[in-house]
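The values are calculated or read from the model by the stated rules, or taken from the named source; none is laboratory data. Fair warning: this is a prediction, and the values are worked out from it, not measured in the lab. Glycine also receives a Cβ, built like all others from the backbone with ideal geometry; neighbour counts cover every protein chain displayed. These accessible areas exclude ligands, DNA and RNA; they are computed on the full protein's heavy atoms, side chains included. Shrake-Rupley method; radii C 1.70, N 1.55, O 1.52, S 1.80 Å.
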Amino acid sequence: QATSDPASSLATHAITLQAYATAESKDATYVPTQIMQLLVSQQDKHLLAFGCDFGSVSPNSYDPLLIRWASQDSPGDWTPSATTSAGDLRVSRGSRIVRALPTRQEILVWTDTHLYTLQFLGTADVFGLQEYADNISVASPRAIVSASNVVYWMGQDKFYAYTGRVETLPCTLRNHVFMNINFAQSDQIVCGTNEQWNEVWWFYPTADSDYINAYVVYNHLEKIWYYRSID
């Protein structure tokens, strides 16, 4: 909970969603208790949970493919009813949601095998889910980044770009990276951008390391790749 006084804001501790719902006089039993990822849909102000459960109203209901959202501009109200816009959808393919990333037009949702788009409809259904690409992969939840309105990510054996359609990113270092990477430690793989130099960076552990010790860089303006080892 935020405070308007900067001098005391750091002394205001975070509270759970359940406690927030109770404070707002909402039914806290529908608030998800296990969540893989939370984000806010900026255009319509819905709080969404990806890979979650149905709260204490349905114990042991965690579903790694479930998407739920709270009522519009009311992050404590997760109870579906005629007077709220709270609801849920389930991704149909894949074994788990790996990551969701908001873009200007939609929210992209990756499973371990498919890419979906989630869009606000503004109807009684609230959100619509559409399968966009199959037979794709993603190396880790943090191997995805957006730069210059293009989404880039590292897969299990190639790099991808989403420009409104999914493309395999031509990579002159593909063998150098994917034939010498420790996928047992793939959750460590992380990426970021260097906007000043139009670069996307991926940090990863090589096959002989249990920790990040290398990176590969893609310059999306000049369309060139470079790499280096690190301590």
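Listing for the model above:
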{"item": "Normalised contact order of the chain, rounded percent, pairs of Cα under 8 Å and 6 or more residues apart", "result": "9 percent"}
{"item": "Top positive-direction residue, dipole computed over region 1-102 with Cβ charges, set Gln37, Tyr20, Ala82", "result": "Gln37"}
{"item": "Estimated dipole of region 97-198 in Debye, rounded to 20 [Cβ of Lys and Arg +1, of Asp and Glu -1, Cα centre]", "result": "240 debye"}
{"item": "Stretchable slack from Gln43 to Thr84, in nm (0.36 nm times residue separation minus alpha-carbon distance)", "result": "13.0 nm"}
{"item": "Computed magnitude of the charge dipole of the chain (debye, nearest 20; Cβ of K, R +1, Cβ of D, E -1)", "result": "340 debye"}
{"item": "Shape category assigned to region 37-108 from the gyration tensor of Cα positions, a/c cut at 1.5", "result": "oblate"}
{"item": "For region 123-212: rounded, prolate or oblate by the Cα gyration tensor [a/c cutoff 1.5]", "result": "prolate"}
{"item": "Accessible-area value, Glu167, 1.4 Å probe, nucleic acids and ligands omitted, Å²", "result": "60 Å²"}
{"item": "Proximal aspartates and glutamates to Lys26, defined as alpha-carbon separation beneath 15 angstrom and excluding residues fewer than eight positions away on the same chain", "result": "Asp73, Asp77"}
{"item": "Cα→Cβ-extended label distance, 7 Å offset, between Asp134 and Ser8, nm", "result": "5.8 nm"}
{"item": "Volume per residue of the C-alpha convex hull in the chain, rounded to whole Å³", "result": "166 Å³"}
{"item": "With DNA, RNA and ligands ignored, accessible area of Tyr160 (1.4 Å probe; Å², nearest 10)", "result": "10 Å²"}
{"item": "Relative contact order of region 134-206, defined on C-alpha pairs under 8 angstrom at six or more residues apart (%)", "result": "29 percent"}
{"item": "Cross-link reach list, lysines versus Lys223, counting only Cα pairs under 27 Å and skipping chain neighbours closer than eight places", "result": "Lys158"}
